[in-house]
Amino acid sequence: MSTAIALVTVVAVSAGSIFFLAGTIGLIRFPDAPCRLHALTKADNLGLGLIVLGLLPQVGTLAEALKLVCIWLLVLFSGAIVTQLIAATSRHK
Amino acid sequence: MTIFAACAALLMGLGLFGLITNPQPLRKIVAFNILGSGVFLLFGIVARRGAAAGVGADPVPQALVITGIVVAFAATAMAVALLLRLFADRGDTRLDHESAAGTEPARDDCRPP
Amino acid sequence: MVDFLNAAAGMLLITTMVGLCRMLRAPTDTDRMMTAQLAGSGGVGILALLAVAGEAPPVLDVALLLALLAAFASVAFVSGASTSTSPSDRP
Amino acid sequence: MTSALAFDLALAALVLAIATLTIAAREAMSAVISFIAYGLLLSLAWVRLRAPDVALTEAAIGAGVTGLLLLGAAATIGDRQAGAAPPLALMLAAGLACALVASGLAATTLVLLPEPAPTLAPPAMASLATTGLGNPVTAVLFVYRALDTLLEKVVLVLALLGVWSLAPDRVWGGVARLGPDAPPRAMLVFLAQLLPPVGMVIAIYMFWTGADHPGGAFQGGAILAAMWLIVLTARLADMPATSHPGLRLLVLAGPMLFAAIGFAGWALADAFLAYPEGYAKPLIILAEAGLTLSIAATLACLVAGPATRTPPP
């Protein structure tokens, strides 16, 4: 059972890291602002989401698990709004 | 820990270099903050070395650093406010004006324009 | 498991920060903001990994604070950038 | 253990790289942005040094509020009409001198620090039991070095006095300007409506948990200040005039409450800033509550700067 849980953690955290890597590469390589934003949001939402998902089985208490989920939700909400702001700023020019 | 000790020393050197060579006052303020953070990091090394009695780092240097960060912020805010006032009055931020002391009369805000 | 989480944190650190160094050199305002956003969420991810790897629950609070302030920095940047693009605002 | 060591190495290298970028950046704005990233990395370093209290302070004040202050200044001043860079010979001489200083410091820290390291952790932990607190750093700040903490609040107030007095005479007591005059974007307003309630909960949590876990008045106050600044940037509320009695009371309330508790220590316990037996924890939490609000107001006012408009009638 614990091997299965460890496997879940390894897979999810690895996948999250890959999303971060892809997001960074996209941010550097993509030609224009909307494309780069597309890459950025994947790293933000999916990358961090998968890492949090992978860490959830590893934390000791319910409070810590809730805190992890809160962190992800906070980044998700503010990330969505900030991305809109960035898009508006880039279109303004 | 030795890694961060070397890092702290290098940060202080870098900050000092920026403080001396950067001509813009705002950049000097940033460099000064880097210099300060190197000093704080050194305190962190001292705290970490003093780990004992079941805590990961000596709490006394930690408390000093927290105080230091807040005071550094207060000093930075003061410096930035002075700089912005200088900019508002003169339109530039050069610190090496020959005229500032004598030849140019200081503008007085009290008098109506 | 601890080694794996540390390695993941290290990889995240290098990825986001290399992106950061790269973007700081060829910047437009929006690129900088995107990079700041990526660095913020990368930092949150690293802190979450470190918190679980080192079994130090307080580090989760640091991650929470960073998650909150990442958005704050972006907002500051948006208003700062629009100040710098409209010269008439200056005193 | 090796994975942790590798992480530390990468982190230290990146801290140095970002610091170099900050110093060497061509534009002031780039320098300020890399300084914010530098603060973020530095708070990771504090986590690795097992000092989460300091990591919180560095993230909130070192990177967050200082970053905002410098961003505003860089946006106003830009790169115009700064002095010329010093000649190459001077640069080289300065570089050499700084390299000498850095290597001297490195040698000192790596070789000359006493072994075994002196530590005050055991006495600090021993006195922890008598206060009822669980966080040794808070105990040091409010019991062991309480006078320092009190005077530091006074320093913050003095800095605010200094900043306010930079206002031209004709707008004395007026309103500070924050952000551009242009109306804010709808999305910014939405964020400013969404984020502060969450931030206030986190700030109160940070202050409350500070008694037993890393956190405390500084961190909570800095978060509150950040939330207030978001609201101000989005024009949901106006900055009160610097002559507003409520604002001035808010700035002074925390230090005055703390000083009052200190003087009460003379009467009820045996010394200034001593706490009577059994009441240490509630008194410290009361002082911290006042200080959190005062720190929030002071930090926000310091970022907003001196008054630039005449006070409203």
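The values are calculated or read from the model by the stated rules, or taken from the named source; none is laboratory data. This is a predicted model, so every value here is computed, not measured. Side chains are part of the model used for accessible areas, which takes the heavy atoms of the whole protein and leaves out ligands, DNA and RNA. Shrake-Rupley method; radii C 1.70, N 1.55, O 1.52, S 1.80 Å.
List of remarks:
- Surface composition of the range C:2-76: carbon plus sulfur atoms contribute 66% of the solvent-accessible area (1.4 Å probe, protein chains only, all chains present).
- Normalised by residue number, the volume inside the convex hull of the Cα atoms of the range C:2-76 is 59 Å³ per residue.
- Residues with amide H under 5 Å from that of D:Gly210, placed H, sequence gap 5 or more: D:Gly216
- Note: relative contact order over the range C:2-76, using C-alpha pairs below 8 Å and six or more positions apart, is 36 percent.
- Counted as membrane-span-like here are DSSP H helices of chain A whose alpha-carbon atoms extend 27 Å or more along the helix's own axis and whose Kyte-Doolittle mean is 1.6 or above; these are A:2-29.
- Close Lys-Lys pairs in the protein assembly as shown, where close means Cα under 27 Å and separation is 8 or more or interchain: 5
- Buried accessible area, chains D and B (both chains, 1.4 Å probe, Å² to nearest 100): 7100
- Around the amide H of D:Ala176, modelled in the peptide plane, lie the amide H atoms of D:Thr242, D:Thr308, all under 5 Å away and 5 or more residues distant in sequence or on another chain.
- Rg ratio (alpha-carbon, reference 2.2 N^0.38 Å) - chain A: 1.27
- Candidate membrane-span-like segments in chain D, meaning DSSP H helices with Cα atoms spread over at least 20 Å of their own axis and a Kyte-Doolittle mean of 1.0 or above, are D:2-24, D:28-48, D:88-107, D:146-164, D:186-209, D:217-233, D:245-268, D:280-304, with no membrane implied.
- Mean ellipticity per residue at 222 nm, deg cm²/dmol - from DSSP H runs of n ≥ 4 across chain D, formula -39500 (n - 2.57): -22000 deg cm²/dmol
- The range B:2-90, relative contact order in percent, only Cα pairs under 8 angstrom and at least six apart counted: 25
- Solvent-accessible area, 1.4 Å probe, carbon plus sulfur percent, for the range B:2-90: 74
- Inter-centroid distance (Cα atoms) of the range B:29-88 relative to the range D:236-313, Å: 22
- With 10 Å bins from 0: P(r) over the protein assembly as shown, alpha-carbon pairs, percent: 3, 17, 28, 28, 17, 6, 1, 0, 0
- Burial here means at least 30 square angstrom less accessible surface with every protein chain in place than with the chain by itself, probed at 1.4 Å; in the range D:181-203 the buried residues are D:Arg185, D:Met187, D:Leu188, D:Leu191, D:Leu194, D:Leu195, D:Ile202.
- Taken one residue at a time, the phi angles of the range C:31-44 give Karplus couplings (6.51, -1.76, 1.60, θ = phi - 60°) of 4, 4, 5, 4, 5, 4, 4, 5, 4, x, 6, x, x, 4 Hz. Gly and Pro are set to x.
- In whole percents, the pair-distance distribution calculated for the range B:2-90 from its alpha-carbon pairs, binned every 10 Å from zero, is 17, 37, 28, 13, 4, 1.
- Solvent-accessible area per residue, Å², over the protein assembly as shown with all protein chains present [probe radius 1.4 Å]: 40
- Volume in Å³ per residue [convex hull over Cα atoms, computed for chain D]: 192
- Shape call, the range D:19-75: gyration tensor on alpha carbons, a/c limit 1.5: oblate
- Both chains summed, the buried accessible area for C and D stands near 4100 Å², from protein heavy atoms and a 1.4 Å probe.
- The residues of the range D:43-65 listed by number as losing at least 30 Å² of accessible area in the complex, against the isolated chain and with a 1.4 Å probe, are D:Leu44, D:Trp46, D:Val47, D:Arg48, D:Leu49, D:Arg50, D:Pro52, D:Val54, D:Leu56, D:Thr57, D:Ala59, D:Ile61.
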